[in-house]
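Notes to accompany the following structure.
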Amino acid sequence: MNIDQAMTVLKDKGYKHTDKRADMLKLFADQKRYLSAKDVLESLQDEYPGLSFDTIYRNLSLFSDLNILEATELEGEKRFRFSCATSEHHHHLICLDCGKTKHIHSCPMDSLDTMYPDFEVTGHKFEIYGKCEECRS
Ligand SMILES: [Zn+2]
Ligand SMILES: [Zn+2]
Ligand SMILES: [Zn+2]
């Protein structure tokens, strides 16, 4: 997902193009990592002095409903990042310091789903948390 694709999704769903929305998406595109609503507020409040936490949170929820952003909860706080471009099934290593992610292409379900044949699995979540190379050095 990039800004142009995100804008197209919004337009197709009948949502207004606003500078605020565009700037929020630009922030996610530039940062390429998980950001909290607070991070977004801190980055945009100089440009939009009246911006409320509520407005940001509403837009972030909208973006994630439209699959523009993906959300997860890290250390008790909801964080968002641009959805991955690949449709291939994968999981993420997530750095808790900087919020950057790396793809993992092996899936733990591959070895688990044969262990519970009576349970029909319809979905799963799997994330690995830690510190990335940059944050460790
Ligand atoms: Zn990914
Ligand atoms: Zn890091
Ligand atoms: Zn998986």
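Before moving on, here are some points about what is shown:
- Residue in the range 100-114 that is within 14 Å of ligand 2 (Cβ to nearest atom) and either open to solvent by 60 Å² or more (accessible area, probe 1.4 Å) or free of Cβ contacts under 8 Å to residues at least 24 places away in the same chain (or both) present: yes
- Considering D30, D39, D46, the condition of being open to solvent by 70 Å² or more (accessible area, probe 1.4 Å) and in a helix (DSSP H, G or I) is satisfied by D30 alone.
- Residues of the range 12-27 classified as open to solvent by 90 Å² or more (accessible area, probe 1.4 Å) and closer than 25 Å to G99 by Cβ, total: 2
- Of all residues in the range 115-137, those satisfying the criterion of being surrounded by 11 or more Cβ atoms within 10 Å (Cβ to Cβ) and either more than 16 Å from ligand 2 (Cβ to nearest atom) or more than 22 Å from the chain's Cα centre (by Cα) (or both) are H124, F126.
- With respect to (1) within 16 Å of ligand 2 (Cβ to nearest atom); (2) of a type in the set (A, V, I, L, M, F, W, C); (3) modelled with pLDDT of 95 or more, the lone exception for L74 is condition (3).
- Exclusive hit being closer than 18 Å to L27 by Cα, buried (at least 17 other Cβ atoms within 10 Å of the Cβ) and among the polar types (S, T, N, Q), set S83, S61: S83
- Among residues of the range 82-99, those that are away from ligand 2 (no atom under 13 Å from the Cβ), assigned to a strand (DSSP E or B) and more than 21 Å from M109 (Cα to Cα), counted: 1
The values are calculated or read from the model by the stated rules, or taken from the named source; none is laboratory data. Treat the numbers as computed from the prediction; the structure is a model and nothing was measured. As a convention, Cβ positions derive from the backbone with ideal geometry for all residues, glycine included, and neighbour counts pool all protein chains shown. What goes into the accessible areas is simple: the full protein's heavy atoms, side chains included, and nothing from ligands, DNA or RNA. Shrake-Rupley method; radii C 1.70, N 1.55, O 1.52, S 1.80 Å.
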